[in-house]
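> Before anything else, here's the structure in question.
The values are calculated or read from the model by the stated rules, or taken from the named source; none is laboratory data. These figures come from a predicted structure and were not determined experimentally. As a convention, Cβ positions derive from the backbone with ideal geometry for all residues, glycine included, and neighbour counts pool all protein chains shown. Note: areas computed on protein heavy atoms with side chains; ligands, DNA, RNA excluded. Shrake-Rupley method; radii C 1.70, N 1.55, O 1.52, S 1.80 Å.
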Amino acid sequence: MTGSSAALKPPADAVTPVRHPDAPAPGELLGAHYEHCFGCGGEQPHGLHLEARAGEGVSLTAEFTVQPAHQGAPGLAHGGVLATALDETLGSLNWLLRTIAVTGRLETDFARPVPVGTTLYLEAEVTAVAGRKIYSTATGRIGGPGGPVAVRADALFIEVKVDHFIDHGRKEEIQAAMSDPDQIRRTRAFEVNP
């Protein structure tokens, strides 16, 4: 990324990220953390339905296809939708660390327009960890993993406790997620929130 802010540069005492032993295996589809998530949830009719797969180390790949509901200018993806795809992809990295974290800062570069109907291929990795701070980077390419770069982002995620969501989320959704009889879905709703 060109010109990242100082806030996105890991401090000298940052450490190399370590994949959690219980992280999904390389190539494994991560699935939605919450079915109503705009980025990855299947129950969002106009959502991105972004699908991410675990990579080697603390990396992953993801993709989504730009739909007509995602456009800003006629026939082109809205920049906010592209930023959301980057945020969702970068946030999904936290599954590989098995850490509950939220976006603290996201800086994006838009290199070229992304037409409606295009599949955006994203690659992301955690670059460093310093205490509760998780530093990561992502690139989105048009048409395939070797296609032209359309978007880039650097991000800082902050580790939080599950109370963050309980204290700040809307009560109805929190109660519904916590009342889900499926223990796996109930846990995943709060496990990672990109």
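> Please enumerate the residues belonging to region 84-106 that are in a strand (DSSP E or B) and either under 19 Å from L29 (Cα atoms) or open to solvent by less than 30 Å² (accessible area, probe 1.4 Å) (or both).
Result: A101, V102.
> To continue, here is another question. What are the pairs, 6+ residues apart or on separate chains, where a residue within region 8-19 that is over 15 Å from T99 (Cα atoms) has its Cβ under 7 Å from a residue that is basic (K, R)?
Close Cβ pairs satisfying both conditions: L8/R105.
> Answer yes if at least one residue in region 108-119 is closer than 26 Å to A25 by Cβ and of a type outside the set (D, E, K, R), and no otherwise.
Scanning region 108-119, I find at least one residue that is closer than 26 Å to A25 by Cβ and of a type outside the set (D, E, K, R), so the answer is yes.
> Which one of these does A54 not meet: (1) within 19 Å of the chain's Cα centre (by Cα); (2) touching a residue at least 12 places away in the same chain (Cβ under 8 Å); (3) open to solvent by 20 Å² or more (accessible area, probe 1.4 Å)?
Every condition holds for A54 apart from (3).
> Further question on the same structure: With the structure loaded, tell me whether E125 is within 24 Å of P24 (Cα to Cα) and at pLDDT below 95 or whether it fails that test. Even if it seems obvious, please write down each step before you answer.
Values: within 24 Å of P24 (Cα to Cα): yes; at pLDDT below 95: no.
It is false that E125 is within 24 Å of P24 (Cα to Cα) and at pLDDT below 95.
> Okay, moving on. With the requirement that a residue be farther than 26 Å from P145 by Cβ and surrounded by 14 or more Cβ atoms within 10 Å (Cβ to Cβ), what does region 11-51 give you?
Matches in region 11-51: A14, Y34, E35, H36.
> Among the numbered conditions (1) within 19 Å of H33 (Cα to Cα); (2) in contact with a strand residue (DSSP E or B) (Cβ under 7 Å, 6 or more places away or on another chain); (3) in a helix (DSSP H, G or I); (4) among the hydrophobic types (A, V, I, L, M, F, W, C), tell me where V81 comes up short.
Condition not satisfied by V81: (2).
> Among what's in region 57-75 and is of a type outside the set (A, V, I, L, M) and over 16 Å from the mean Cα position of the chain (by Cα), pick the residue that is least open to solvent (accessible area, probe 1.4 Å).
We begin by selecting, within region 57-75, every residue of a type outside the set (A, V, I, L, M); these are 57, 59, 61, 63-65, 67-68, 70-72, 74-75.
Narrowing further to those that are over 16 Å from the mean Cα position of the chain (by Cα): 57, 67-68, 70-72, 74-75.
Working: G57: 41, Q67: 83, P68: 81, H70: 3, Q71: 77, G72: 43, P74: 123, G75: 33 Å².
Only one residue fits best here, namely H70.
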